[in-house]
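Engineer: Quick one: the structure is below, questions incoming.
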Amino acid sequence: MRLGDSQDEGEFRTRLRDWLSGQIPAGVPQEWDSERLRAWSKSLYQAGYAGLSWPVEHGGRGLPAAYQAIYAEESALAGAPDHVNVIGLNMVGPTIIKYGTQAQLAEFLPGILSGETIFCQGFSEPDAGSDLASVRTRARAHPKGYQVDGEKVWSSYAHLADYCLLLVRTDPEAVKHHGLTCLLMDMRAPGVQVRPLRELSGDTDFNQVILTDVVVGADSVLGPVGQGWRVAMTTLAHERGTFGITLTSRLSAELDRLVQTVLTLGAGSDPLVRKEIAELHVQLQGLRFTGYRALAELQRTGEPGAESSILKLGWSLANQRLTALALRVLGPDAAFDGPQAFWSGYWQQQHLRSRTNSIEGGTSEILRGIVAERVLGLPRTR
């Protein structure tokens with residue numbers, strides 16, 4: 001595959017880099033609350049960096065996936081946060097484009113692009129985890145459409161979301177992967193309760209969503225009734241599209257910050273620190289080229305390959321190792337918190353947050369299973 005930019009890609013990267021440098025202050029990593037994230041997302045839309053690979057007829061720029069990868073790289077290196085509607089832009093929007101009715105296209109796509117309509121995803125459940133086919137949340141027939149009862153968990157951005165792409169079971173008699181349906185559920189409908197899940201870091205990125213007698217209109221069904229598995233797989237395929245490029249770019253920026261920290265604290269001559277940073281660098285390069293392979297597969301076939309599972313698994317381990325090394329470099333000062341701590345406790349927060357890496361976006365156990373079956377050709381365990 002071609003690893004360098006074409007002339008057009010290079011010019012796009014330069015313009016983007018210049019724009020980001022005027023938006024993101026250099027230096028110590030920034031904190032982004034929900035209001036700043038919304039403002040940032042609005043500025044991305046106004047500058048034309050939202051929906052880069054969406055079709056032009058649906059409000060996007062119609063650019064190849066390589067441009068989205070360039071955006072992921074440059075925004076990570078600049079220290080920019082994810083778009084507050086990252087699920088809507090990268091996963092739900094493309095799924096609506098593929099399966100949505102004309103009314104759904106008109107209702108949701110403009111708001112997703114502008115960041116005014118925020119989506120979350122309601123796939124995982126407490127007893128099903130990443131095994132989506134074990135979904136128990138039930139949707140029964142109702143005069144207005146469906147009545148939904150059940151529970152979802154690990155729903156990122158649910159506390160901010162206006163709508164949820166919800167996977168429900170509409171036919172309990174069907175075999176496991178059948179009888180499922182996807183709904184576009186209003187998160188402010190009566191019966192929807194969101195409970196933030198507080199992490200070790202104090203963040204509440206994930207949520208529990210309790211659904212009690214929630215009425216969803218028949219016009220909110222996305223795709224064919226009973227074929228929600230196919231719709232959900234489309235959503236997850238888009239999640240893994242340029243996901244790997246984003247992860248490796250953010251890991252690269254984090255490694256640069258670690259090196260900066262090591263030099264600032266005078267630990268650059270410590271042989272054990274040097275050895276571990278070198279190993280992290282090598283690991284990062286391996287992940288980076290795995291990400292390029294995944295991107296090449298996406299551009300060739302339209303679907304990401306198993307490389308994305310290898311990459312996500314390797315990234316979570318590397319990021320946890322990197323943040324643990326940062327705390328060791330800080331030494332006893334790692335016990336401080338708040339303004340008196342190094343970078344106001346940035347590394348402490350990152351280390352605690354990294355513990356969720358092996359859960360979010362597919363657990364490490366599920367990813368190991370995918371690699372074993374699809375890459376190594378081992379037999380299924382269940």
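Engineer: Sort out which residues of region 245-266 are open to solvent by 20 Å² or more (accessible area, probe 1.4 Å) and either among the aromatic types (Phe, Trp, Tyr) or more than 21 Å from the chain's Cα centre (by Cα) (or both), and write them in order of number.
Structural biologist: 256, 257, 259, 260, 263, 264, 265, 266
Engineer: Here are the criteria: (1) open to solvent by less than 10 Å² (accessible area, probe 1.4 Å); (2) in a loop (DSSP other than H, G, I, E, B); (3) at pLDDT below 90. Tell me which single one residue 133 does not satisfy.
Structural biologist: Of everything listed in (1) open to solvent by less than 10 Å² (accessible area, probe 1.4 Å); (2) in a loop (DSSP other than H, G, I, E, B); (3) at pLDDT below 90, residue 133 misses just condition (2).
Engineer: Please work out which residue is least open to solvent (accessible area, probe 1.4 Å), limiting yourself to region 217-227 and to residues that are over 26 Å from the mean Cα position of the chain (by Cα) and under 22 Å from residue 177 (Cα atoms). So that I can check it myself, show each step before the final result.
Structural biologist: Here is the first cut: in region 217-227, the ones over 26 Å from the mean Cα position of the chain (by Cα) are 217-219, 225-226.
This time we only want the ones that are under 22 Å from residue 177 (Cα atoms), so: 218, 225-226.
Values: 218: 64, 225: 85, 226: 21 Å².
So the residue we want is 226.
So that you can scan it fast, the table gives a plain yes or no per residue for (1) modelled with pLDDT of 85 or more; (2) in contact with a helix residue (DSSP H, G or I) (Cβ under 7 Å, 6 or more places away or on another chain):
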{"residue": "7", "(1), (2)": "yes, no"}
{"residue": "11", "(1), (2)": "yes, no"}
{"residue": "14", "(1), (2)": "yes, no"}
{"residue": "35", "(1), (2)": "no, no"}
{"residue": "45", "(1), (2)": "yes, yes"}
{"residue": "58", "(1), (2)": "yes, yes"}
{"residue": "61", "(1), (2)": "yes, no"}
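Engineer: Something else now. Anything in region 5-45 that is of a type in the set (Gly, Ala, Ser) and open to solvent by 40 Å² or more (accessible area, probe 1.4 Å)? List them, or say none.
Structural biologist: 6, 21, 22, 26, 27, 34, 39
Engineer: Name the one entry in 374, 353 that is of a type in the set (D, E, K, R), open to solvent by 70 Å² or more (accessible area, probe 1.4 Å) and either modelled with pLDDT under 90 or assigned to a helix (DSSP H, G or I) (or both).
Structural biologist: 374
Engineer: Assess whether residue 4 counts as being at positive phi and without any contact (Cβ under 8 Å) to a residue 12 or more places away in the chain.
Structural biologist: no
Engineer: Filter region 328-382 for residues that are of a type in the set (Ser, Thr, Tyr) and at negative phi; which is farthest from the chain's Cα centre (by Cα)?
Structural biologist: 381
Engineer: Right, next: Looking at residue 154 and the list (1) aromatic (Phe, Trp, Tyr); (2) open to solvent by less than 50 Å² (accessible area, probe 1.4 Å); (3) at positive phi, which single condition is not satisfied?
Structural biologist: (2)
Engineer: In this structure, does residue 212 turn out to be more than 19 Å from the chain's Cα centre (by Cα), modelled with pLDDT of 95 or more, in a helix (DSSP H, G or I) and of a type in the set (Val, Ile, Thr)? Please lay out each step first, then the result.
Structural biologist: On the way: more than 19 Å from the chain's Cα centre (by Cα): yes; modelled with pLDDT of 95 or more: yes; in a helix (DSSP H, G or I): no; of a type in the set (Val, Ile, Thr): yes.
So residue 212 does not fit the description; no.
Engineer: How many residues does region 267-310 contain that are in contact with a helix residue (DSSP H, G or I) (Cβ under 6 Å, 6 or more places away or on another chain), without any contact (Cβ under 8 Å) to a residue 40 or more places away in the chain, in a helix (DSSP H, G or I) and surrounded by fewer than 17 Cβ atoms within 10 Å (Cβ to Cβ)?
Structural biologist: Of the residues in region 267-310, 0 are in contact with a helix residue (DSSP H, G or I) (Cβ under 6 Å, 6 or more places away or on another chain), without any contact (Cβ under 8 Å) to a residue 40 or more places away in the chain, in a helix (DSSP H, G or I) and surrounded by fewer than 17 Cβ atoms within 10 Å (Cβ to Cβ).
Engineer: On to the next question. Are there any pairs with C-beta distances below 7 angstrom linking a residue in region 79-90 that is assigned to a helix (DSSP H, G or I) to a residue that is aromatic (Phe, Trp, Tyr), with the two at least 6 apart or on different chains, and if so which?
Structural biologist: Listed by first residue and then by second, the contacts come to 87/119; 87/157; 88/119.
Engineer: Let me ask you something else. Report yes if residue 183 is touching a strand residue (DSSP E or B) at 6+ places or on another chain (Cβ under 6 Å), under 25 Å from residue 94 (Cβ atoms) and not β-branched (Val, Ile, Thr), otherwise no.
Structural biologist: yes
Engineer: Considering region 195-240 alone, what residues qualify as being among the hydroxyl-bearing types (Ser, Thr, Tyr), out of contact with any strand residue (DSSP E or B) (no Cβ under 8 Å at 6 or more places or on another chain) and within 20 Å of residue 98 (Cα to Cα)? Working first, answer last.
Structural biologist: Filtering region 195-240 for residues among the hydroxyl-bearing types (Ser, Thr, Tyr) gives 201, 204, 212, 220, 234-235.
Next, from what is left, pick out any that are out of contact with any strand residue (DSSP E or B) (no Cβ under 8 Å at 6 or more places or on another chain): 201, 234.
Once the filter is applied, which keeps residues that are among the hydroxyl-bearing types (Ser, Thr, Tyr), out of contact with any strand residue (DSSP E or B) (no Cβ under 8 Å at 6 or more places or on another chain) and within 20 Å of residue 98 (Cα to Cα), region 195-240 yields only 234.
Yes/no matrix, rows are residues, columns are (1) under 21 Å from the mean Cα position of the chain (by Cα); (2) in a strand (DSSP E or B):
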residue: 103; (1), (2): no, no
residue: 107; (1), (2): no, no
residue: 110; (1), (2): yes, no
residue: 116; (1), (2): yes, no
residue: 121; (1), (2): yes, yes
residue: 146; (1), (2): no, yes
residue: 150; (1), (2): no, yes
residue: 166; (1), (2): yes, yes
residue: 174; (1), (2): no, no
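Engineer: Okay, next question. With 35, 9, 31 as the choices, which residue is under 19 Å from the mean Cα position of the chain (by Cα) and of a type outside the set (A, V, I, L, M)?
Structural biologist: Criteria check complete, one pass: 31.
Engineer: Keeping to region 75-90, report how many residues are out of contact with any strand residue (DSSP E or B) (no Cβ under 8 Å at 6 or more places or on another chain) and open to solvent by 10 Å² or more (accessible area, probe 1.4 Å).
Structural biologist: Of the residues in region 75-90, the ones out of contact with any strand residue (DSSP E or B) (no Cβ under 8 Å at 6 or more places or on another chain) are 75-84, 86, 89-90.
When the remaining residues are screened for being open to solvent by 10 Å² or more (accessible area, probe 1.4 Å), the result is 77-79, 81-83, 86, 89-90.
The number of residues fulfilling the criteria is 9.
The values are calculated or read from the model by the stated rules, or taken from the named source; none is laboratory data. Quantities reported herein were computed from a predicted structural model and do not represent experimental measurements. Every residue, glycine as well, gets a Cβ built from its backbone with ideal geometry; the counts of neighbours run over all protein chains shown. Accessible surface is based on the protein model in full, side chains and every heavy atom, while ligands, DNA and RNA are left aside. Shrake-Rupley method; radii C 1.70, N 1.55, O 1.52, S 1.80 Å.
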